[in-house]
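The values are calculated or read from the model by the stated rules, or taken from the named source; none is laboratory data. All figures in this text were calculated on a predicted structure; none of them were measured in a lab. Every residue, glycine as well, gets a Cβ built from its backbone with ideal geometry; the counts of neighbours run over all protein chains shown. Side chains are part of the model used for accessible areas, which takes the heavy atoms of the whole protein and leaves out ligands, DNA and RNA. Shrake-Rupley method; radii C 1.70, N 1.55, O 1.52, S 1.80 Å.
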Amino acid sequence: MRIAIASDHGGFEMKAALVAAISGECEVQDLGPASGESCDYPDYAIPVAKAVASGAADFGVLVCRSGIGMSMTANRFQNVRATICTTVEQATVTRQHNDANVLCLGADNTAADKALAILRAFIATETDNNARHVRRRWKLERAQRLSDCSGLMRDDPEVFAAIEAQTRQEDAEINLIASENTSSRACREAAGSVLMNKYAEGYPGKRWYSGCLPVDAAEELARSRACQLFGAEHANVQPHCGSAANMAVYFATIKPGDTILSLALDQGGHLSHGSPVNFSGKIYNIVPYTVDRETEMLDYDALERQALEVKPKILLTGASAYPRKIDFKRIRETCDKAGCLMMVDMAHIAGLVAGGAHESPVPYADFVTTTTHKTLGGPRGGMVLCKEKYAKALDSAVFPGMQGGPLENIIAAKAVCFREWMQPAKKDYAQQVVKNCAVMCRTVQDRGYRIVSGGTDNHLFLVDVKKSKGITGKDAAAALDAAGIIVNKNTIPFDTESPFKTSGIRVGTASVTTRGMKEPEMVKIGTWIADVLDDIANVEVQARVKREAAELVAGFPVP
Ligand SMILES: *Cc1c(COP(=O)(O)O)cnc(C)c1O
């Protein structure tokens, strides 16, 4: 048992007595003060709260005259539950019901021998895991999602209202947007941190401004963890988003007017792969490739023939709406034959790659770009991985080539995300995303809906709602939205509808899997999707599904 203990001057004597009494029974970290001179209680409460919050201590003990200032300070910290106890009964009950982990004592209202009995009871009592106590503790912890930004309630209630509405939406609805996920609290903490305050043009150790040591440490962690996680030689973690990551690679390697061979937007590609309305389509000569009309999958032989004919500078693969595995080895062979760079945009599947549920493009590609917020589940941002020989060109393309100061708070959150992916449980997560997707896809398919390419190998599937029910993707998405199920309209290969209406919807399972849902929940959700789409004008069905969906998600808390 590890106990961190501290006091202010008012509690100094009681602390000394407690330390002497329990040092034989527990591992005691006395965090001061060393004398009874006047001092400020937060200076001593904070180290104890940090020890408990970080897991360095099992329990904390804080003594001042009343226990009040100490408990207020300690309770500012996440995962700290500090309570003032004046009786043994209180100590026992707060351990059982609240899982309290910091005991605050008031030297003015508690006798020394009683304080020792209270402390002994506190550390000896087990937490009660009866369902009602677990539920209440869970609600207590969940209050944190609002309290994280509760200063805004007073300082900017309008913005707070938007955050609260998003929180409520996440709590009550089923998010199946394939490009989204649910970030961890740790990621959000880093993203909202004071690292936001620093200008850091340049790279770690080579900055234009002074005072960059703290952000250097964060960015170095992000770079090295990215390389370790993906087995890459070099990482640039500064791109503000996935589109910027792609821009960085183009700027580092080719000239305006050069040819890029890429998957067309309406076939599942991305805007930044050469859409005429995007910078990529305006600056470069884009030659699009398509999936096969019959199978709706990539035809690697056709792609190779096209590459040999077109002779692009870059062959770009990776997609925003392609439900199948991509054969990177085969594409490498094509690039070698065509004498072009191989670039893979793994924005959608990066989490599957990190967790081993999709083959990694890193060993094959010259450049791999990604977002960090899709299946990877980190902060909204981008990243480029490349071979060492391209490192310099890439880094100077990002800065000073196209960006100014990097977002070091977001970069720190990327580092947090990469570390999370090194935990073994993430392998299971990535597999579960794919399994969940297969089950939901089959459920919808079995209800008579045509699935693009006949199925899925990854985290998303596309439903051809036009062919199946004669409705547009736009109307289908709106009906599902009314039923508490969030998807997006999406073009399908060779779509005959406009991009504003579309013939399809795109459905992804990263977010629901993050919440802990498994196959049985996927069957339920797939069934609801079919129920709603079978009769999109039926508001009663939508209301019923919305109610049932809210009941379901209540059991799967957002982190
Ligand atoms: C989402 C996505 C991007 C870009 O993401 P932004 O961060 O929105 O710029 C790039 N490529 C692919 C394939 C994507 O799906």
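The table for this structure:
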item	result
Criterion: part of a loop (DSSP other than H, G, I, E, B), within 14 Å of the ligand (Cβ to nearest atom) and of a type in the set (A, V, I, L, M) - qualifying residue of LEU352, LEU376	LEU376
Candidates THR87, THR83 - the one that is surrounded by 15 or more Cβ atoms within 10 Å (Cβ to Cβ), on the phi < 0 side of the Ramachandran plot and of a type outside the set (D, E, K, R)	THR83
Selected residue [away from the ligand (no atom under 16 Å from the Cβ), of a type in the set (A, V, I, L, M) and in contact (Cβ under 8 Å) with a residue 40 or more places away in the chain] from ALA425, ALA438, ALA479, ALA413	ALA479
Test: PHE418 is of a type in the set (Phe, Trp, Tyr) and away from the ligand (no atom under 16 Å from the Cβ)	yes
Output for the range 324-349, where each listed residue is open to solvent by less than 20 Å² (accessible area, probe 1.4 Å), away from the ligand (no atom under 13 Å from the Cβ) and in contact (Cβ under 8 Å) with a residue 60 or more places away in the chain	CYS340
Helices (runs of 4 or more DSSP H) contained entirely in the range 451-536, each with at least 3 residues that are out of contact with any Leu (no Cβ under 8 Å at 6 or more places or on another chain) and open to solvent by less than 10 Å² (accessible area, probe 1.4 Å)	519-534
Scope the range 1-48; condition part of a helix (DSSP H, G or I) and closer than 22 Å to GLN78 by Cα; matching residues	TYR41, PRO42, ASP43, TYR44, ALA45, ILE46, PRO47, VAL48
Residues of the range 90-119 satisfying the condition of being touching a residue at least 60 places away in the same chain (Cβ under 8 Å) and open to solvent by 20 Å² or more (accessible area, probe 1.4 Å)	ALA107, ASP108, ALA112, LEU116
Given (1) in contact (Cβ under 8 Å) with a residue 24 or more places away in the chain; (2) in the same structural domain as ALA245 (by TED's automatic domain parsing), number of the condition LYS392 does not satisfy	(1)
Among residues of the range 192-250, those that are within 16 Å of the ligand (Cβ to nearest atom) and open to solvent by 30 Å² or more (accessible area, probe 1.4 Å), counted	4
SER224 vs. criteria of a type in the set (S, T, N, Q) and either touching a residue at least 12 places away in the same chain (Cβ under 8 Å) or part of a loop (DSSP other than H, G, I, E, B) (or both)	no
Which numbered condition HIS270 misses (of (1) surrounded by fewer than 20 Cβ atoms within 10 Å (Cβ to Cβ); (2) within 15 Å of the ligand (Cβ to nearest atom))	(1)
Inter-residue pairs, beta-carbon under 7 Å, first within 11 Å of VAL384 (Cβ to Cβ) and in the same structural domain as LEU316 (by TED's automatic domain parsing) and in the range 244-257, second among the aromatic types (Phe, Trp, Tyr) and assigned to a helix (DSSP H, G or I), 6+ apart	MET247/PHE279; ALA252/TYR390
Residue in the range 277-291 that is of a type in the set (S, T, N, Q), free of Cβ contacts under 8 Å to residues at least 60 places away in the same chain and within 13 Å of the ligand (Cβ to nearest atom) present	yes
Scan of the range 56-68 for residues that are over 17 Å from ALA4 (Cα atoms) and not aliphatic (A, V, I, L, M), ordered by number	ARG65, SER66
In the range 379-393, the residues that are part of a loop (DSSP other than H, G, I, E, B) and near the ligand (Cβ under 10 Å from one of its atoms)	ARG380, GLY381
Tally of residues being over 15 Å from the mean Cα position of the chain (by Cα), open to solvent by 30 Å² or more (accessible area, probe 1.4 Å) and not hydrophobic (A, V, I, L, M, F, W, C) across the range 361-403	10
Any hit, the range 435-450, residues being at pLDDT 95 or above, open to solvent by less than 10 Å² (accessible area, probe 1.4 Å), over 24 Å from ASP292 (Cβ atoms) and among the polar types (S, T, N, Q)	yes
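Each row is one residue, and each column tells you yes or no for (1) open to solvent by 60 Å² or more (accessible area, probe 1.4 Å); (2) over 20 Å from MET517 (Cα atoms); (3) part of a loop (DSSP other than H, G, I, E, B).
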residue: ASN129; (1), (2), (3): yes, yes, yes
residue: GLU141; (1), (2), (3): no, yes, no
residue: ALA161; (1), (2), (3): no, yes, no
residue: ARG168; (1), (2), (3): yes, no, no
residue: THR182; (1), (2), (3): no, no, yes
residue: GLU189; (1), (2), (3): yes, yes, no
